[in-house]
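**Student:** Structure provided below as structure tokens; questions to follow.
The values are calculated or read from the model by the stated rules, or taken from the named source; none is laboratory data. Only a predicted model underlies this, so the values are computations on that prediction, with no experimental measurement involved. Cβ placement follows ideal geometry from the backbone for every residue including glycine, while neighbour counts extend to all protein chains displayed. Protein only, heavy atoms only, side chains kept; ligands, DNA and RNA dropped before computing areas. Shrake-Rupley method; radii C 1.70, N 1.55, O 1.52, S 1.80 Å.
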Amino acid sequence: MSAYSMPDKKGHFGRFGGIFVAETLMRPLEELTNAYEKYIKDPDFLQEFDDDLKYYVGRPSPLYYAAGLSRQYGAQIYLKREDLNHTGAHKINNTIGQALLAKRLGKSRIIAETGAGQHGVATATVAARLGLECVVYMGADDIERQAPNVYRMKLLGASVVAVESGSRTLKDALNEAMRDWVTHVDNTFYIIGTVAGPHPYPAMVRDFQAVIGREARQQILEQAGRLPDALVACVGGGSNAIGLFYPFIDDDAVAMYGVEAAGDGLATGHHAAPLCKGKVGVLHGNRTYLMEDTNGQITETHSISAGLDYPGVGPEHAWLKDSGRANYVAATDSEAMSGFHDITRLEGIIPALESSHAVAYSKILAAELGKEGIMIINLSGRGDKDIQTIARIDGVEI
Amino acid sequence: MSRIEKRFESLGKSGRKGLIPFITAGDPVTDITVPLMHAMVDAGADLIELGIPFSDPMADGPVIQKANQRALAHGTSLHDVLDMVKQFRRKDATTPVIFMGYLNPVEAMGYDEFVEAAQQAGIDGLLVVDLPPEEAGELNELLYQRDIDPVYLLSPTTTPQRMEIVSLEARGFVYYVSIRGVTGSAELDYDEIQQSINEIRQHTRLPVGVGFGINSPERAVKIGQHADAVVIGSAIVKMMENYNGDKQRVINAVSGFLHSVRDALDAISKS
């Protein structure tokens, strides 16, 4: 088998990906593609990126053998501890990379969309550090359910703009950020937080997040003496999952499981699982699997986790699904809650609700792999931001 | 020769500037759209741009976003919009109608089915905002076969190289976006617009329409001195916000406004 080499020059992963934007954005995207292709091979750029990841983010993040969870679920479970990164999630890997590009392109203003607020915080963080103006678009509903992150962004000096249009969640924040970018293309760099959007974003964000999988691959070889049988990660847009998967893609024996948000259940229609239940369409600059109605209108999604509450998914996941290289499954809100409580009580690690979906599926997968089976779960973020949501669901007043 | 080409040819012969109003189909109610189209033609429209409602209109400003939401609130589908054009064609066989929208509703229907239905309904042009020529090959082949013109946007950020790419695929006319921004926003830089139109004419022989941000007879005149046609969207769509159940009042308001733009544009041709 030849080595994996997606996407093609125009950003296609098979029939997925590409560039589907209004004309005004074609040149900015071309400039970004040229800059990205140049700097991703530039030793000075890569050195600065690595240094920032090491000294500012705190990488490498540990690969931790979760003895309690392994015993309980019945397999050898390792956690890739992205929750220990500065700002508490994997999102910072990508914002560091894109902010360094913004600096090299001479842009003075950074914009971002955010759902749960983790990407917004990670963007506000790098903007503060580099002295760049920062505007974060966030759905009005998400602002209500993620109040602590909104305040963190403001403390960091970012303006947070409430998006009232459409479903008032992540997809609408992305629309609004695109509108801002069209209007301010000359001085503005748009830091997309996931592996969606038009080319080169899916490939670029993947490349900045691939540090997760590169570290994990080396760490599991050192700690377990062999490659894992499976990788498990939650998938909203899919950046933490692709970051873990990508460096293992040519390791055919390593199975990959992306876990979408099944919300109230895949059969109810109240979910955010386009790979499991969606159709192929075009949204936010790329062709991928989407949650849409028969007329091609994007439908509202549901998940307990704001970070997974998105009707699309990165085009590379769509490709990995169709090619059969990765498997896509889903965990419901209540399964994610069980996973959350399991890992909190058994490991003393409070995970993000997003990552709890991966934990939930690892229980099912463990039964298939058996006691000697090795899996790595990407623990993509910490759960402090979700404490209020958890308490509300559990009927506890705090 | 397509209906759009014919229309621009006769405009050119008579020295008349083209007036292209835009409305969102089904906004605010289904049965206003066809009468409004006829009224716009009576008020001096030469071509009509009809917006296909979409849940995520990324290139549109707040006025047209709300129009999309109003049209979708009562379920306006692409099938419905095609039906509206079919009705319009019963009384008007000459005014070109251009669909403007986003790709996903078209993909959901399927390219083959859509293009066939569009031809049967009497659609003359298709402008898909988020479908650049690089991704449009398959759809354009079908459109060319059925004499439907793919219409493309050019913007202040379009390079000469891209103008070449676009002009190879475009038919009917090209649509120059007069601002960096979404529909309905910002001040216009008339010098930049004039320069851009001159540049565009070096790359294509198609007529040049200009839109985004043209909201008054005065602005229409300044643009019309250089462009072959002006497109007016948000200023008209804004009038739908005062609907309140009274169709005729809204139609009269749109007609009055278009008459004033028509008169102003005709004054250029005469001078």
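**Student:** Restricting to region A:26-51, count the residues that are within 14 Å of chain B (Cβ to nearest Cβ), at pLDDT 95 or above and open to solvent by less than 50 Å² (accessible area, probe 1.4 Å).
**Tutor:** The total comes to 4.
**Student:** Does B:Glu116 meet the test of being within 11 Å of chain A (Cβ to nearest Cβ) and surrounded by fewer than 19 Cβ atoms within 10 Å (Cβ to Cβ)? Steps first, please.
**Tutor:** On the way: within 11 Å of chain A (Cβ to nearest Cβ): no; surrounded by fewer than 19 Cβ atoms within 10 Å (Cβ to Cβ): yes.
Here the answer is no, as B:Glu116 does not meet what is asked.
**Student:** Suppose we keep only residues that are among the hydrophobic types (A, V, I, L, M, F, W, C) and either within 13 Å of chain A (Cβ to nearest Cβ) or surrounded by fewer than 24 Cβ atoms within 10 Å (Cβ to Cβ) (or both) within region B:98-113. Which one would you say is farthest from A:Gly285 (Cα to Cα)?
**Tutor:** Among them, the one singled out is B:Met109.
**Student:** Residue check: is B:Thr76 more than 28 Å from B:Ala220 (Cα to Cα) and either within 14 Å of the chain's Cα centre (by Cα) or in contact (Cβ under 8 Å) with a residue 40 or more places away in the chain (or both)? Lay out the reasoning, then the answer.
**Tutor:** Values: more than 28 Å from B:Ala220 (Cα to Cα): yes; either within 14 Å of the chain's Cα centre (by Cα) or in contact (Cβ under 8 Å) with a residue 40 or more places away in the chain (or both): yes.
Yes: the conditions hold for B:Thr76.
**Student:** Is it true that B:Ala45 is assigned to a helix (DSSP H, G or I), in contact (Cβ under 8 Å) with a residue 60 or more places away in the chain and open to solvent by less than 10 Å² (accessible area, probe 1.4 Å)?
**Tutor:** no
**Student:** Somewhere in region B:147-163, is a residue in a helix (DSSP H, G or I) and more than 10 Å from every other protein chain (Cβ to nearest Cβ)?
**Tutor:** yes
**Student:** Name the single residue, out of those in region B:17-42 being charged (D, E, K, R) and farther than 30 Å from A:Gly139 by Cα, that is surrounded by the most Cβ atoms within 10 Å (Cβ to Cβ).
**Tutor:** Ranking the qualifying residues of region B:17-42, first place goes to B:Lys17.
**Student:** Go through (1) surrounded by fewer than 22 Cβ atoms within 10 Å (Cβ to Cβ); (2) of a type outside the set (D, E, K, R); (3) more than 10 Å from chain A (Cβ to nearest Cβ); (4) farther than 27 Å from A:Lys10 by Cβ for B:Ala186 and report which single condition fails.
**Tutor:** For B:Ala186, the exception is condition (3).
**Student:** Now for a different question. Suppose we keep only residues that are open to solvent by less than 40 Å² (accessible area, probe 1.4 Å), away from every other protein chain (no Cβ under 11 Å) and assigned to a loop (DSSP other than H, G, I, E, B) within region A:292-325. Which one would you say is farthest from A:Gly265 (Cα to Cα)? Walk me through how you get there before you give the answer.
**Tutor:** The first filter runs over region A:292-325 and keeps only residues open to solvent by less than 40 Å² (accessible area, probe 1.4 Å), leaving A:292, A:296-298, A:301, A:303-318, A:320.
Of the ones still in play, those that are also away from every other protein chain (no Cβ under 11 Å) are A:301, A:303-310, A:313-318, A:320.
Filter again for assigned to a loop (DSSP other than H, G, I, E, B), leaving A:301, A:303-305, A:309-310, A:313-314.
Values: A:Thr301: 12, A:Ser303: 10, A:Ile304: 12, A:Ser305: 14, A:Asp309: 14, A:Tyr310: 16, A:Val313: 18, A:Gly314: 22 Å.
Only one residue fits best here, namely A:Gly314.
**Student:** Now for a separate question. Given the structure, is A:Ser380 more than 19 Å from the chain's Cα centre (by Cα) and at pLDDT 95 or above? Write out each step before concluding.
**Tutor:** Details: more than 19 Å from the chain's Cα centre (by Cα): no; at pLDDT 95 or above: yes.
In short, no.
**Student:** Another question, then. Tally the residues that are farther than 24 Å from A:Ala173 by Cα and touching a residue at least 40 places away in the same chain (Cβ under 8 Å), restricting the search to region A:234-257.
**Tutor:** Of the residues in that region, 9 qualify.
**Student:** Which ones in region B:119-132 are within 13 Å of chain A (Cβ to nearest Cβ) and hydrophobic (A, V, I, L, M, F, W, C)?
**Tutor:** Answer for region B:119-132, where residues must be within 13 Å of chain A (Cβ to nearest Cβ) and hydrophobic (A, V, I, L, M, F, W, C): B:Leu127, B:Val128, B:Val129, B:Leu131.
**Student:** List the helices (runs of 4 or more DSSP H) that sit entirely inside region A:147-252 and contain at least 1 residues that are buried (at least 21 other Cβ atoms within 10 Å of the Cβ) and small (Gly, Ala, Ser).
**Tutor:** A:170-183, A:201-209, A:211-224, A:239-245
**Student:** In this structure, does B:Lys91 turn out to be closer than 23 Å to B:Phe173 by Cα and more than 17 Å from the chain's Cα centre (by Cα)?
**Tutor:** Answer is no for this residue.
**Student:** I'd like the full set of residues that are surrounded by fewer than 23 Cβ atoms within 10 Å (Cβ to Cβ) and closer than 22 Å to B:Asn215 by Cα, limited to region B:66-97.
**Tutor:** Listed by number, the residues that qualify are B:Lys66, B:Gln69, B:Arg70, B:Val97.
**Student:** Residue under question is B:Ser178, and the condition is that it be among the polar types (S, T, N, Q), in contact with a helix residue (DSSP H, G or I) (Cβ under 7 Å, 6 or more places away or on another chain), at the interface with chain A (Cβ under 10 Å from one of its Cβ atoms) and open to solvent by less than 10 Å² (accessible area, probe 1.4 Å); does it hold?
**Tutor:** Spelling it out, it is not the case that B:Ser178 is among the polar types (S, T, N, Q), in contact with a helix residue (DSSP H, G or I) (Cβ under 7 Å, 6 or more places away or on another chain), at the interface with chain A (Cβ under 10 Å from one of its Cβ atoms) and open to solvent by less than 10 Å² (accessible area, probe 1.4 Å).
**Student:** Pull up region A:72-104, narrow it to residues that are open to solvent by 10 Å² or more (accessible area, probe 1.4 Å) and over 30 Å from A:Gly131 (Cα atoms), then point me to the one that is nearest to the chain's Cα centre (by Cα).
**Tutor:** A:Tyr78
**Student:** Across region B:164-175, what is the total count of residues that are open to solvent by 20 Å² or more (accessible area, probe 1.4 Å) and either in a helix (DSSP H, G or I) or at positive phi (or both)? It would help to see each step written out before you state the result.
**Tutor:** Looking only at region B:164-175, we keep the residues that are open to solvent by 20 Å² or more (accessible area, probe 1.4 Å), and these are B:164-165, B:167-169, B:171.
Narrowing the set further to residues that are either in a helix (DSSP H, G or I) or at positive phi (or both) leaves B:164-165, B:167-169.
Adding up the residues that qualify gives 5.
**Student:** Please identify the pairs in which a residue from region A:15-43 that is closer than 17 Å to B:Pro156 by Cα has its Cβ atom under 8 Å from the Cβ atom of a residue that is among the aromatic types (Phe, Trp, Tyr), counting only partners at least 6 apart or on another chain.
**Tutor:** A:Glu23/B:Tyr152; A:Leu25/A:Trp181; A:Pro28/A:Trp181
**Student:** Out of contact with any Pro (no Cβ under 8 Å at 6 or more places or on another chain) and away from chain A (no Cβ under 12 Å): which single residue out of B:Asp83, B:Asp56, B:Asp60 fits that description?
**Tutor:** B:Asp83 is the lone residue from the list that is out of contact with any Pro (no Cβ under 8 Å at 6 or more places or on another chain) and away from chain A (no Cβ under 12 Å).
**Student:** Turning to a different aspect of this structure: Please count how many residues of region B:134-143 are within 12 Å of chain A (Cβ to nearest Cβ), open to solvent by less than 10 Å² (accessible area, probe 1.4 Å) and under 15 Å from B:Ser167 (Cα atoms).
**Tutor:** 1
**Student:** Among A:His270, A:His284, which is the only one that is on the phi > 0 side of the Ramachandran plot and either buried (at least 18 other Cβ atoms within 10 Å of the Cβ) or more than 14 Å from every other protein chain (Cβ to nearest Cβ) (or both)?
**Tutor:** None of the other options fit; the residue is A:His284.
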